[in-house]
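Input: a single structure, listed below in structure tokens.
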Amino acid sequence: MILSGDAGGTKTELALFKDDNSKLEKVISQRFLNKDFQGLEDIIKIFLKDKEHKINSACIGIAGTVIEGIGKSTNLKWVLDENVLSEKLNIKN
């Protein structure tokens, strides 16, 4: 299962994709308003709540710069660290 995300300046959209013999199939997606959350980690936890899918990898695009796995959002006070997100959300890749 792959977690995909687009964390923009005002909204974040997350989706789960199933890898079925090298063909991706969207399982579910959901949109969130960023102003309602302290950070991306909170959004991802709510999105994954009550879902029994094991996430094997994730890719999140953000509206801002990313240097050595640390992203700083242009319009939000969010700092995204791929290592921290990977560890806290138990996602290897």
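Tell me whether the stretch 19-39 contains one or more residues that are among the hydrophobic types (A, V, I, L, M, F, W, C) and surrounded by fewer than 11 Cβ atoms within 10 Å (Cβ to Cβ). Can you show your working first?
So the first thing to find is which residues in the stretch 19-39 are among the hydrophobic types (A, V, I, L, M, F, W, C), and the list is 24, 27-28, 32-33, 37.
Filter once more, keeping what is surrounded by fewer than 11 Cβ atoms within 10 Å (Cβ to Cβ): 33.
Yes, that holds for at least one residue.
Taking residue 93 as meeting all but one of (1) surrounded by fewer than 12 Cβ atoms within 10 Å (Cβ to Cβ); (2) out of contact with any Ser or Thr (no Cβ under 9 Å at 6 or more places or on another chain), write down the number of the exception.
In the conditions (1) surrounded by fewer than 12 Cβ atoms within 10 Å (Cβ to Cβ); (2) out of contact with any Ser or Thr (no Cβ under 9 Å at 6 or more places or on another chain), residue 93 misses (2) alone.
For residue 7, are the conditions met, namely being crowded, with 17+ Cβ neighbours inside 10 Å, touching a residue at least 40 places away in the same chain (Cβ under 8 Å) and out of contact with any helix residue (DSSP H, G or I) (no Cβ under 7 Å at 6 or more places or on another chain)?
Working: crowded, with 17+ Cβ neighbours inside 10 Å: yes; touching a residue at least 40 places away in the same chain (Cβ under 8 Å): yes; out of contact with any helix residue (DSSP H, G or I) (no Cβ under 7 Å at 6 or more places or on another chain): no.
For residue 7, the condition - crowded, with 17+ Cβ neighbours inside 10 Å, touching a residue at least 40 places away in the same chain (Cβ under 8 Å) and out of contact with any helix residue (DSSP H, G or I) (no Cβ under 7 Å at 6 or more places or on another chain) - is not met.
Mind listing whichever residues of the stretch 51-90 are under 12 Å from the mean Cα position of the chain (by Cα), among the hydrophobic types (A, V, I, L, M, F, W, C) and open to solvent by less than 60 Å² (accessible area, probe 1.4 Å)?
55, 58, 60, 62, 80, 85, 89, listed by residue number.
Looking only at strands (runs of 3 or more DSSP E) that lie completely in the stretch 11-93, which have at least 3 residues being modelled with pLDDT of 90 or more, under 20 Å from residue 1 (Cβ atoms) and touching a Phe, Trp or Tyr at 6+ places or on another chain (Cβ under 9 Å)?
Numbers: elements: 11-20, 23-33, 57-62, 64-67, 70-73, 79-81.
It comes to 11-20, 23-33.
So how many residues does the stretch 16-71 have that are of a type in the set (D, E, K, R), in contact with a strand residue (DSSP E or B) (Cβ under 6 Å, 6 or more places away or on another chain) and without any contact (Cβ under 8 Å) to a residue 12 or more places away in the chain?
Looking only at the stretch 16-71, we keep the residues that are of a type in the set (D, E, K, R), and these are 18-20, 23, 25-26, 31, 35-36, 41-42, 45, 49-52, 54, 68.
Cutting the leftovers down to in contact with a strand residue (DSSP E or B) (Cβ under 6 Å, 6 or more places away or on another chain) gives us 18, 25-26, 31.
The next check asks that each one be without any contact (Cβ under 8 Å) to a residue 12 or more places away in the chain; those that pass are 25-26.
Matching residues across the stretch 16-71 total 2.
The values are calculated or read from the model by the stated rules, or taken from the named source; none is laboratory data. All values derive from a computational prediction rather than experimental measurement. Here the Cβ is made from the backbone with ideal geometry for all residues, glycine too, and neighbour counts use every protein chain on show. These area figures cover heavy atoms from the full protein model, side chains too; ligands, DNA and RNA do not enter into them. Shrake-Rupley method; radii C 1.70, N 1.55, O 1.52, S 1.80 Å.
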